[in-house]
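The values are calculated or read from the model by the stated rules, or taken from the named source; none is laboratory data. This is a predicted model, so every value here is computed, not measured. All Cβ positions, even for glycine, are placed from backbone atoms using ideal geometry, and neighbour counts span all protein chains on display.
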């Protein structure tokens, strides 16, 4: 037995490394929960898989044009109920087709 | 092997200081000591970077709720003593660490608020004792006390704890400059520069009596559990 106030070098050999008894973690968690000892770590949420749009309409150009042409372009798109990108595609295709005919 | 858990859901009561004082004293006596710093503030990890920790001592940080028990289990199979320091909040790591504790040390200052939070920890320990059908020895230690006098508040808290049947350490860790300087210089109390730290011999004696009482309690606990089968 050690004397109070004197640990003594080499006086602790009676303590040996030993596997601690494994006990069910759920019981500790339940006890903690019951007394308000809660997790402080952010809950790990499954990351939602981001669905990237498969749309091919993802490039952009910035055209400087005449105001009336831009208005006409917008009006045609509105009239047909299609997006500008779609109208742009159709116009290009049409022009290409016309060229190949002539 | 013994796992000593420092648990007190209130901050600023001297948990890390008392854990460190115990750890360095045990290492000074030639024991292998693993300190598991499970407080996200990691003041003990910081301390270990100031100066090489004493021989036989290892300090582990970056401890998650999911990882804490594996760390405790690994280290108790490797080191003679495992010391767990925890955050001063009501957190899950406390309840998990208690499930592995051979001794829970609950530091409190001489104040009613500290005693109330200590009571929270003790209620948790008692619930875990019932769940595991296994005694989890625990005791309160007064910290930051005056070496000269026992304040009225201290006496009142002492009476409250006695009435509640709570075990209390005979030793108290006094409010000593040396204990604060540990975090400035690194190393153990005995490594501090005597010419720069006021009344170092008294602090060493204080640290020694606390560590000796922990060892004594651990021996008693071990003998009781062996006697009880």
Next on the checklist: Being assigned to a loop (DSSP other than H, G, I, E, B) and surrounded by 21 or more Cβ atoms within 10 Å (Cβ to Cβ): is that true of residue B:19 here?
Outcome noted: no
Checklist entry - Has segment B:65-83 got any residue that is on the phi > 0 side of the Ramachandran plot and either in contact (Cβ under 8 Å) with a residue 12 or more places away in the chain or assigned to a loop (DSSP other than H, G, I, E, B) (or both)? => result no
Checklist entry - Given the conditions (1) surrounded by 21 or more Cβ atoms within 10 Å (Cβ to Cβ); (2) at the interface with chain A (Cβ under 8 Å from one of its Cβ atoms); (3) without any contact (Cβ under 8 Å) to a residue 60 or more places away in the chain, and given that residue B:59 satisfies all but one, which numbered condition is not satisfied? => result (2)
Checklist entry - If we keep just the residues of segment A:2-41 that are more than 7 Å from chain B (Cβ to nearest Cβ) and either modelled with pLDDT under 85 or touching a helix residue (DSSP H, G or I) at 6+ places or on another chain (Cβ under 6 Å) (or both), which is surrounded by the most Cβ atoms within 10 Å (Cβ to Cβ)? => result A:21
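How do the helices (runs of 4 or more DSSP H) wholly within segment B:96-213 filter down when requiring 3 or more residues that are away from chain A (no Cβ under 14 Å) and touching a residue at least 60 places away in the same chain (Cβ under 8 Å): which remain? Even if it seems obvious, please write down each step before you answer.
Values: elements: B:112-132, B:152-163, B:177-185.
Per the criteria, B:177-185.
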